[in-house]
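First up is the structure itself, then whatever we jot down about it.
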Amino acid sequence: DRGRVAAVEIIHVSDYNTGLSALQSGQVDAAYANNILSDPSRRAQVENAGFVVEDNENLNTHGIYLRSTRSELADVRVRQALAHAIDRDAINESLFFGTCKPTSQPFASVLPAHVPDYDPFAYDPAKARELLASAGLPGGFSMNIVTVTGNPTSEQNAAVVQQMLGEIGVQVTLTPMTSPDGAAAFNRGEVDARSTVIAARADSLSTIDYYFTPGGVAALADPGGEELVALRKQLEQAPADQRDDALREMGR
């Protein structure tokens, strides 16, 4: 019976300092807040209030989904150009105060499909412009990115990406939507891109299922997802000692 809580009251406090004061004074038992670990000023404020701050690695990824069946994004060279135009190190330092490790992979570092020290899309604006030119878009093009309304990380990340893509001639319009509406619009193929959190899955195969295969939630590899489905079936039957190598190859 000790595990049965009589009631839980959840209240919304819009001001961060008010929430911290309520926690410190005992008015509330727990409080949720963003960016405590990644914002040095907030971390110091929390520690000065007498709390202990513990760092734990989060395997989720902040990123931009691209709908590869829309307009210019259907050309893989265009998608590669966008990847080379984004300075992930600068985003890490400016938005996350150096606490968010840059990556070009969808697979979390603890998964077999993750390839250590592998980044095929290093920041290279000149190469990005060359790729756009080879795709017949020397003057760039226009696209939209959906952001999550009220989520500062989604909005700020998209705004920085908007500026970086503008430097290679890609004009980005930011469209704020609620998280459910933005996800639905993206999954229906109604928008070009979506700034969101890529949630880590429990294992490599479920990551592939969720994000890349045609029947998955995001289906990011469509077209081309059928090839992944075939590879996935082979992986299920492969000996364990060969499966990890095959997963890493799939990651590449």
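The values are calculated or read from the model by the stated rules, or taken from the named source; none is laboratory data. As the structure is a prediction and not an experimental result, all values here were calculated from the model. Here the Cβ positions follow ideal geometry from the backbone for every residue, glycine too, while neighbour counts run over all protein chains shown. Please note that ligands, DNA and RNA were not included when accessible areas were found on the heavy atoms of the full protein model with its side chains. Shrake-Rupley method; radii C 1.70, N 1.55, O 1.52, S 1.80 Å.
Tabulated data
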| quantity | calculated |
| --- | --- |
| Residue match in region 86-104 (condition: surrounded by 19 or more Cβ atoms within 10 Å (Cβ to Cβ), of a type in the set (D, E) and closer than 29 Å to D203 by Cα) | yes |
| Conditions (1) open to solvent by 50 Å² or more (accessible area, probe 1.4 Å); (2) over 18 Å from G63 (Cα atoms); (3) part of a helix (DSSP H, G or I): number failed by G136 | (3) |
| For V78: the one exception among (1) more than 16 Å from the chain's Cα centre (by Cα); (2) crowded, with 20+ Cβ neighbours inside 10 Å; (3) modelled with pLDDT under 95; (4) β-branched (V, I, T) | (3) |
| Helices (runs of 4 or more DSSP H) (entirely within region 1-117) containing at least 2 residues that are in contact with a strand residue (DSSP E or B) (Cβ under 8 Å, 6 or more places away or on another chain), in contact (Cβ under 8 Å) with a residue 12 or more places away in the chain and not β-branched (V, I, T) | 76-85 |
| Output for region 108-134, where each listed residue is within 29 Å of T175 (Cβ to Cβ) and touching a Leu at 6+ places or on another chain (Cβ under 8 Å) | A108, A128 |
| Qualifying residue in region 135-155 (condition: over 17 Å from I64 (Cα atoms), in contact (Cβ under 8 Å) with a residue 40 or more places away in the chain and touching a Leu at 6+ places or on another chain (Cβ under 6 Å)) | no |
| The listed residue being at pLDDT 90 or above and surrounded by 15 or more Cβ atoms within 10 Å (Cβ to Cβ), out of V28, V13 | V28 |
| Set G139, G169: member being on the phi > 0 side of the Ramachandran plot and touching a Gly at 6+ places or on another chain (Cβ under 7 Å) | G169 |
